[in-house]
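Below: one structure, written as structure tokens.
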Amino acid sequence: MPVQKKIAITALVPPELIYACGDETFDVNNVIPESKKYPRNKLCAWTAIWQEMLSKREINIDSLIVVAGGDCHNALVDGQKVAMSGIPTHFFFYPFDGSAEYLESQLLKLRDFLGGIKSPEKPGEIRELKDLGLEIDKKRAQGKLSSSDAFRILISFSDLAGDLDKFRETISSVRETDIEINNRIALIGVPPIYHDFHDVSQSLGLHVVFDELPYEFIRHSGTDIHQIARDYCNYTFARPLDFRIKFLQKELQKRKVDGVVHYTQFACHHMLEDDIMRSNLDYPMLTIQGDLPGNTPEQIKLRLEAFREALERS
Ligand code: SF4
């Protein structure tokens, strides 16, 4: 039986293809909110922390796939540092114009880097799991699941926790509840670097009914490279802002949100999008910024509380 390799990713890379190549996917971002690391040389803490952990071999992986085009330029540089430390590294590019043909050519290069398709049935299994993810997303918006339970599952769809069978068990272990939702919140931007953010928001009366990036993890799929390219070419974070905003307008309306929290990360280019989001999304909006991982800081809690009060007054 061929050896399963651990393939790290720095942002969304179709896990369907990695599993189809017989390997396990590992999203390096998923360990960061719980990390106690304070990197010495950093802009964005997300990329700086994984760069340091990988270069110092604090996490064991076989290869790294860096999303270099269409997502994060800090990752492009920090990914090259990891490559220079000797880890086999592949740079993956999304098309800004949404060209499915271009994305297909990128997926074919990635397939070759991974050594070819060995488990063609895996994308179909992932499709079934993503259908369960869409159910979780829907139940959370109906108040049948807590924001944090739903977020914990949805954020793991980038790598399916490295094991499809265990992940299926994790999904089925989530218990339904009955939450009275007073303030329906959309959380847009990159996910908060604070591990307790959803719990904190919930305790302050803000129920997150939409997590922008994790929703991208569950809504794209495909059972072969041709289909995967035609679906993932609409990954909003890699497309022009007007494309992403149109998608957000539709989702926010569908979920009847009362307000939007825009999370931004220190030294991330997505911060520059804040004024465009504010002028195009017609909802009360709170912008917060994080830097290092850990608990949600008191100052942000106070701002969330003031935002809830403002929503309740309006
Ligand atoms: S927060 Fe911004 S800079 Fe940091 S990894 Fe994400 S996209 Fe890149």
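Structure notes:
- Sites listed here are GluC sites (Glu not before Pro) in region 1-51 whose DSSP assignment is loop and whose Cβ has at most 12 other Cβ atoms within 10 Å: GLU34.
- Basic side chains Lys and Arg get +1 at the Cβ, acidic Asp and Glu get -1 at the Cβ, and with that the dipole of region 57-155 about its Cα centre reaches some 280 debye.
- A dipole drawn for region 225-269 from +1 and -1 charges on Cβ atoms has a positive end, and of TYR263, HIS226, LEU241 the residue lying farthest that way is HIS226.
- Between helix 45-55 and the chain there is an angle of about 30 degrees, using the helix long axis and the longest principal axis of the Cα atoms.
- The chain, helix-only ellipticity at 222 nm - DSSP H runs n ≥ 4, -39,500 (n - 2.57), divided by all residues, nearest 500: -13500 deg cm²/dmol
- Compactness of region 109-168 - radius of gyration and Dmax, Cα, Å: 14.1, 44
- Stokes-Einstein translational diffusion, the chain - Kirkwood Rh over all Cα pairs, 0.890 mPa s, 25 °C, in µm²/s: 123 µm²/s
- Of THR25, THR287, THR170, the residue with the greatest mean-square motion in the GNM of the chain, using alpha carbon springs below 10 Å, is THR170.
- Phi angles of region 75-81 translate, via the Karplus equation with coefficients 6.51, -1.76, 1.60 and θ = phi - 60°, into HN-Hα couplings of 5, 4, 6, 5, x, 5, 5 Hz per residue; Gly and Pro are given as x.
- For region 43-96, the square roots a ≥ b ≥ c of the C-alpha gyration tensor eigenvalues yield an a/c of 1.5 or more together with a/b not exceeding b/c, which makes the shape oblate.
- Sequence-ordered 3J(HN,Hα) estimates for region 170-176 from the Karplus curve with 6.51, -1.76 and 1.60 and θ = phi - 60° stand at 4, 4, 6, 7, 6, 9, 6 Hz, glycine and proline given as x.
- Axis angle, to the nearest 10 degrees, between helix 100-114 and the longest C-alpha principal axis of the chain: 60 degrees.
- Lysine pairs in region 6-114 with Cα atoms under 18 Å, if 8 or more residues apart or on separate chains: 7
- Cα-centred dipole magnitude for the chain, charges only on beta-carbon of K, R (+1) and D, E (-1), debye, nearest 20: 240 debye
- Ranked by the mean number of other Cβ atoms within 10 Å of their residues, highest first, the peptides 254-262, 52-60 fall in the order 254-262, 52-60.
- Within region 75-131, GluC sites (Glu not before Pro) in DSSP loop having at most 11 other beta-carbon neighbours inside 10 Å: GLU121
- For the peptides 182-189, 279-286, the ranking by packing is 182-189, 279-286, with the highest mean count of neighbouring Cβ atoms within 10 Å listed first.
- Per the Cα gyration tensor, region 162-314 maps to an equivalent ellipsoid with semi-axes of 26, 21, 16 Å, ordered largest to smallest.
- Computed Kirkwood radius, in angstrom, where 1/r is averaged over Cα pairs of region 191-245: 13.4 Å
- From largest to smallest, the equivalent ellipsoid semi-axes obtained for region 6-114 from the alpha-carbon gyration tensor read 23, 16, 12 Å.
- Per the Cα gyration tensor, region 114-231 maps to an equivalent ellipsoid with semi-axes of 28, 14, 12 Å, ordered largest to smallest.
- Antiparallel content of DSSP bridges confined to the chain, in %, to 5: 0 percent
- On Cα atoms only, tilt of 298-313 relative to the major axis of the chain in degrees: 60 degrees
- Cα centroid separation - region 1-69 against region 72-142, whole Å: 12 Å
- Three-way shape call for region 229-269 based on the alpha-carbon gyration tensor, with the a/c threshold at 1.5: oblate
Rule-based calculations on the coordinates, nothing more; no lab input. Everything quoted here is computed from the prediction, not taken from an experiment. Methodologically, a virtual Cβ is constructed for each residue, glycine included, from the backbone with ideal geometry; neighbour enumeration extends over all protein chains shown.
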